[in-house]
Amino acid sequence: MKYTIDNYEAFALDYIENNLSEVDRRDYEAFLASNPEIKRQLENFQLLVLPSVVVEYPDKNKLYRHKKHPKSLVFYLRNIAAIILLIVLAAYLMNSKISTPDDQLVEIPAQKGVDDHSLENIKPVKENLVEKHAESLSGKQSKFTQNKLAVQNRKKVEELNDIDTFHLLTKDNSIGEDVAMLMSDDREALPLDRKQKTITLIERKSIKPDFHRGYLIDKYRTLIIEEEEIRNETFLKIGRLLAKANLIPTGLENELGEGTLKENMIPETYFDLK
Amino acid sequence: MTANEYNQCVNKHADGLYRFAVSMLSDRIEAEDIVQQVFEKFWNRHQEVDPGAAKSYLFTSVHRACIDFFRRKKTSRNTTELLPLHDAAMSSQDFENKQLIQHMLSQLTEEQKSLILLRDYEGYSYKEIADLMEWTEAQVKINLFRTRKKLQFLLTNSLTQ
């Protein structure tokens with residue numbers, strides 16, 4: 001190998017580190033002998049090697065990767081079973097909700113016309129509840145489910161006869177009792193003001209809308225109010241007649257004049273007048 | 001390369017890469033970021049890399065990232081933070097020597113530092129360094145020779161002061 005000033009640096013380290021072949025080493029030394037300055041440089045050259053330093057990367061955990069293991073068949077089967085169980089539970093709960101409606105307690109048949117002021121026609125239609133409910137579901141559910149619903153509804157109908165149960169259902173003891181009376185054959189025993197109050201409270205508590213019962217409360221209330229109006233008018237007429245006969249009780253002239261004379265203001269003895 | 005082989009690369013080379021990056025950049029935080037980024041890219045391509053070529057791949061990537069850092073920041077010789085070389089077992093003389101070396105390193109250019117660190121810290125052959133820095137072997141030897149001459153000059157000057 002021919003060494004020159006232009007290429008001697010490329011082999012200097014090999015020479016110093018004793019990596020040249022015998023032949024190349026002799027040639028290099030011949031070159032150095034011809035170039036004393038360069039020879040002096042290499043003789044004074046110290047192969048400074050950096051001392052080793054131990055340094056650790058601060059947090060190797062950030063660098064590691066963990067391969068995702070393929071999920072086993074058991075894992076998938078377990079997930080499928082859980083999903084199936086959830087579907088079955090949801091279906092059961094939905095069926096339970098359909099079959100036990102607390103909005104099908106009573107039903108009042110539609111009243112035709114306002115002339116019929118009798119409250120006799122307003123009856124709880126409990127006996128049709130089972131059949132009607134079954135009919136509504138027949139197109140959608142199996143015979144087994146229909147029978148099951150029928151049993152549940154029959155039980156609900158039986159419960160309606162129990163005022164305590166009715167209280168529980170309406171969550172209001174006072175209104176429950178009055179409503180029950182309203183819907184029963186004992187409605188005549190319910191005082192008029194309580195009837196009105198009951199109807200109003202039913203409307204406010206939204207029991208009517210939730211129970212699908214066709215309460216026709218509006219019409220019922222209209223009947224009550226009309227009845228009361230007739231009664232009030234009647235009392236006024238009676239009052240005027242009494243006034244003409246100078247038989248109006250003392251102190252009630254104002255009420256008579258304002259039309260606010262009430263039945264309970266007139267002594268009972270007056271009603272025995274002939 | 002499998003995930004296990006990748007993790008083995010982390011165990012084998014993370015410290016060396018970090019040491020190299022810190023020595024180059026004189027910035028531990030930046031060095032940590034670079035090493036993390038390099039391993040992240042390495043993971044994304046780990047299936048394409050042969051395990052035998054992992055070290056070269058990693059050091060090449062870190063080296064390039066360090067050079068890019070210098071170009072962006074245009075910092076070369078200002079030392080802000082050096083390697084934590086001191087420990088309780090070290091003698092005061094050793095500590096002074098190492099401080100001196102670090103000072104001398106800071107006087108080198110980025111390329112000179114790369115050469116010295118790859119050769120002395122990581123034990124790369126001239127050919128490996130050439131591949132990493134995309135030089136010829138002759139260029140590596142010439143520049144390394146000149147770098148060592150410079151280090152010697154700096155050492156001599158510091159000792160005589």
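Which order, highest average first, do B:152-158, A:238-244 follow once you tally other Cβ atoms within 10 Å for each residue and take the mean per peptide?
Working: B:152-158: 14.0, A:238-244: 16.0.
Most protected by this proxy first, the peptides run A:238-244, B:152-158.
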For the range B:97-161, what are the per-bin percents of Cα-Cα distances with bins 10 Å wide, up to the bin holding the maximum? 22, 52, 22, 5
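In the structure displayed, which of A:K195/A:K244; B:K41/B:K127; B:K41/B:K141; A:K60/B:K150; A:K2/B:K149; A:K62/B:K149 lie more than 29 Å apart, Cα to Cα? Don't jump to the answer; show the numbers that get you there.
Working: A:K195/A:K244 34 Å; B:K41/B:K127 25 Å; B:K41/B:K141 31 Å; A:K60/B:K150 36 Å; A:K2/B:K149 23 Å; A:K62/B:K149 40 Å.
Those over the limit are A:K195/A:K244; B:K41/B:K141; A:K60/B:K150; A:K62/B:K149.
Within a Cβ distance under 13 Å of A:Y57, other residues only, what is the Lys/Arg minus Asp/Glu net charge? All intermediate terms of the calculation are to be shown ahead of the outcome.
Values: positive: A:K60, A:K62, B:K12, B:R19, B:R28; negative: A:E56, A:D59, B:D15, B:E32, B:D33.
So the environment of A:Y57 carries a net charge of 0.
Order the following by accessible area, largest value first: B:H103, B:H46, A:H66. Probe radius 1.4 Å; ligands, DNA and RNA are ignored. Let's see the in-between values first.
On the way: B:H103 100, B:H46 20, A:H66 150 Å².
The residues order as A:H66, B:H103, B:H46, largest area first.
In µm²/s, what is D for the range B:1-51 at 37 °C and 0.692 mPa s, where D = kT/(6 pi eta Rh) by Stokes-Einstein and Rh is the Kirkwood radius from Cα pairs?
Working: Rh = 11.3 Å.
Calculated translational D: 291 µm²/s.
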Taking Rh as the Kirkwood radius computed over C-alpha pairs, what is the Stokes-Einstein D of the range A:1-82 at 25 °C in a medium of viscosity 0.890 mPa s, expressed in µm² per second? 133
Count charges around A:K2 for me, please; just the other residues with Cβ under 13 Å from its Cβ, Lys/Arg as +1, Asp/Glu as -1. -2
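Under the definition of partner shielding as Cβ atoms of other protein chains within 10 Å of a residue Cβ, what is the mean value for peptide B:136-146? Please report the intermediate quantities before stating the final value.
On the way: counts 1, 1, 4, 1, 2, 6, 7, 2, 3, 11, 2.
Mean partner shielding for this stretch: 4.
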Shielding by partners, peptide A:6-13 (average Cβ within 10 angstrom, other chains): 5
Protein chains only, probe 1.4 Å: how do A:D14, B:D27 rank by accessible area, largest first? B:D27, A:D14
Provide B:M1, A:M94, B:M104 ordered by accessible surface of protein heavy atoms (probe 1.4 Å), highest first. A:M94, B:M1, B:M104
Mind putting together the pair-distance distribution for the range A:1-49? All Cα pairs, 10 Å bins, whole percent per bin, short to long. 26, 62, 11
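The values are calculated or read from the model by the stated rules, or taken from the named source; none is laboratory data. It should be emphasised that the depicted structure is a prediction, and the values quoted were computed from it without experimental measurement. Cβ sites come from the backbone with ideal geometry, for glycine too, and all protein chains shown count toward neighbours. Ligands, DNA and RNA are excluded from the accessible area calculation, which covers all protein heavy atoms including side chains. Shrake-Rupley method; radii C 1.70, N 1.55, O 1.52, S 1.80 Å.
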